[in-house]
Amino acid sequence: MNRINAETNLPLRVGPYARISDTDEERAPGIDRQFRTVHPFITSRDAVLTRDYIDNDKSAFKPEVFRDAFESWLRDFIDNKNDGIAGWDLDRIFRQNTDLERVITAYCDAYLKKGRPKPVLWTPSMTIDLTDPDGQTVARMLVAVANNSSAKTVKRVTDFYRDEALKGNIYSNYPAFYRNKDGSINDEKGAVTLKAIEDVFAGVRPTALADEWRTKGITTARGGRVTGETVRRILIHPGIAGLAVYRKELLIGDDGKPIKRVDGGLIDETTWRALCKELATKPGRRRKPTKALLSKFLRCGLCGSRMVRTRKTDTFFMYNCQSVDAGGCARVAISGPRLDKQITALVLAYLSQPIDAVKEKAFEGQARLDEVTVKIAELMTAYRTGAMSGSLVFPSIKELEDEQKLLQAQAAKHVRMKRKVTTAADEWDDIGLERQQAIIGEIFEVIVIMPASNPKSGVYEAERAKPVWCSPEQ
């Protein structure tokens, strides 16, 4: 055993390494327990400790996991900043033969080709010489055994948690944004999430919601920065509707319906499906925010084309009919600030009116949707038990699934029609552009802008704006 660097007559430099596979703590107590053994063990061998290498919440079994500290230690070894590694147990350092082989290559290159002192691999229970063929064989066998043990443990644990999930019992080290660690709904974050759902149905983009959340100091469940995609993923996860999911799989019961979580959710399944449809991403198409209040609603009174914002100065802009090559006539324009002020006054007057209570109607196709779902489950049961052949079952299932998708789309539309943004008139200036546009979209179908009676006069004519009000049924 080489404890002294033969070239410099200095003690070996050994990197203490500790790893915990799964924890939600910033530094798991197990890390310190490992170092309480490893640190004195290294000094007892007259070696010098380098800096600690810590992989907290990092699996060594999963090949896709990048262990930052392990990789940092290996780079330091190759750069001659240490002479080896020491850990509480070999399985803390290696559980994949690919990692072991990389270390063997680095050790042999350093010792046999570059003449560095013999590198060390120490644990309290063993010392392995990775520059020696016999030591390499022993290490490979031990790592293979540890890998096989991990694989069996993963399968056993996977089977247990999936069986529990099928009963509606969901366990997670990282619960959803709106849940507590025990899976129950967090009242404060649940209210934030429900408000976000209402906003999405009103036309507010997830990006705008993320901006608002960041302004309020709201973070992800793990304390990270909230983005539009973060908000979208929170809202489209089936768990928000109290549906059981295991490893991204929506679990379906024998009756063909999704299995419900024991701890419930925030919304019902129909609302969730409508929400998913609202937030569905379309490749190549991204919703860009508009900079002007009325850009989404204005139509030219001559050609019917959309009108767009055209900035004239830093403080003044016009709404213009689109150019001819864009499908417009380019013959109608109106002052942007004055039109915004005029329409805002109409909106505020509308919002100031007392709101009559509207009785919500249930989705008329719900009974048929439930019936179709049950029939699909019955046909699949008949196929699995051999009572019916696939040639009979699957054509029928395809027809039923087509009807099911149509009914689900209709149910989603029904939910969207029920969801309305409500706000008091005195809140208007503080709710942001996208919410203002969402409210305008509930009040007006479009706003048609007629041509000016005398375009050269420069006089603003309020009567040119012809709002088309939404029908009461909407």
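The values are calculated or read from the model by the stated rules, or taken from the named source; none is laboratory data. Just so it is clear, the model here is predicted, and its values are computed rather than measured. Glycine gets a Cβ as well: all are built from the backbone with ideal geometry, and neighbour counts include every protein chain shown. Just the protein is used for accessible areas: all its heavy atoms, side chains included, with ligands, DNA and RNA removed. Shrake-Rupley method; radii C 1.70, N 1.55, O 1.52, S 1.80 Å.
Assess whether Thr271 counts as being among the polar types (S, T, N, Q), in contact (Cβ under 8 Å) with a residue 40 or more places away in the chain and in contact with a helix residue (DSSP H, G or I) (Cβ under 7 Å, 6 or more places away or on another chain).
Spelling it out, Thr271 is indeed among the polar types (S, T, N, Q), in contact (Cβ under 8 Å) with a residue 40 or more places away in the chain and in contact with a helix residue (DSSP H, G or I) (Cβ under 7 Å, 6 or more places away or on another chain).
For region 91-103, the tally of residues that are part of a helix (DSSP H, G or I) and open to solvent by 10 Å² or more (accessible area, probe 1.4 Å) stands at 7.
Taken over region 64-90, the criterion of being aliphatic (A, V, I, L, M) and either assigned to a helix (DSSP H, G or I) or within 22 Å of Thr37 (Cα to Cα) (or both) is satisfied by Ala69, Leu74, Ile78, Ile85, Ala86, Leu90. Restricting Val262, Val231 to residues that are among the β-branched types (Val, Ile, Thr) and part of a helix (DSSP H, G or I) narrows the list to Val231. Of the residues making up region 371-390, none is within 23 Å of Arg273 (Cβ to Cβ), modelled with pLDDT under 80, open to solvent by 50 Å² or more (accessible area, probe 1.4 Å) and touching a helix residue (DSSP H, G or I) at 6+ places or on another chain (Cβ under 6 Å).
If the condition is being assigned to a helix (DSSP H, G or I) and either among the polar types (S, T, N, Q) or surrounded by fewer than 21 Cβ atoms within 10 Å (Cβ to Cβ) (or both), then region 198-211 contributes Glu198, Phe201, Thr207, Ala208, Ala210, Asp211. Cβ separations smaller than 7 Å between residues 6+ apart or across chains give the following pairs from region 231-247 residues that are closer than 12 Å to Ala176 by Cβ to residues that are open to solvent by less than 30 Å² (accessible area, probe 1.4 Å) and of a type in the set (Phe, Trp, Tyr): Ile234/Phe177; Pro238/Trp272; Ile240/Trp272; Ala241/Trp272. Tallying residues that are small (Gly, Ala, Ser) and assigned to a loop (DSSP other than H, G, I, E, B) within region 369-399 yields 3.
Conditions (1) hydrophobic (A, V, I, L, M, F, W, C); (2) within 29 Å of Ile78 (Cα to Cα), marked per residue:
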{"position": "Gly135", "(1), (2)": "no, yes"}
{"position": "Val138", "(1), (2)": "yes, yes"}
{"position": "Ala151", "(1), (2)": "yes, no"}
{"position": "Glu164", "(1), (2)": "no, no"}
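Report whether or not Asn9 is under 20 Å from Phe94 (Cα atoms), open to solvent by 20 Å² or more (accessible area, probe 1.4 Å), polar (S, T, N, Q) and modelled with pLDDT under 95. In short, no. The residues in region 107-140 that are more than 18 Å from Gly87 (Cα to Cα), part of a helix (DSSP H, G or I) and not basic (Lys, Arg) can be counted, and the count is 8.
Scanning region 276-305 for residues that are open to solvent by 40 Å² or more (accessible area, probe 1.4 Å) and either at pLDDT 90 or above or not basic (Lys, Arg) (or both) turns up Glu278, Ala280, Thr281, Pro283, Gly284, Pro289, Arg299, Leu302, Cys303, Gly304.
Collect the residues in region 33-47 that are open to solvent by less than 70 Å² (accessible area, probe 1.4 Å) and either closer than 14 Å to Ile85 by Cβ or without any contact (Cβ under 8 Å) to a residue 60 or more places away in the chain (or both), keeping them in residue-number order.
Gln34, Phe35, Val38, His39, Pro40, Phe41, Ile42, Arg45, Ala47 - these are the residues of region 33-47 that are open to solvent by less than 70 Å² (accessible area, probe 1.4 Å) and either closer than 14 Å to Ile85 by Cβ or without any contact (Cβ under 8 Å) to a residue 60 or more places away in the chain (or both).
Looking at region 433-466, which of the residues that are assigned to a loop (DSSP other than H, G, I, E, B) and surrounded by 16 or more Cβ atoms within 10 Å (Cβ to Cβ) is farthest from the chain's Cα centre (by Cα)? Here the residue is Ala452.
The rows are residues; the columns are (1) touching a residue at least 24 places away in the same chain (Cβ under 8 Å); (2) basic (Lys, Arg).
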| position | (1), (2) |
| --- | --- |
| Met141 | no, no |
| Ala146 | yes, no |
| Arg162 | yes, yes |
| Ala165 | yes, no |
| Gly168 | yes, no |
| Asp187 | no, no |
| Pro206 | yes, no |
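Residues in region 210-232 that are touching a Leu at 6+ places or on another chain (Cβ under 9 Å) and under 19 Å from Glu278 (Cα atoms): Gly228, Val231, Arg232.
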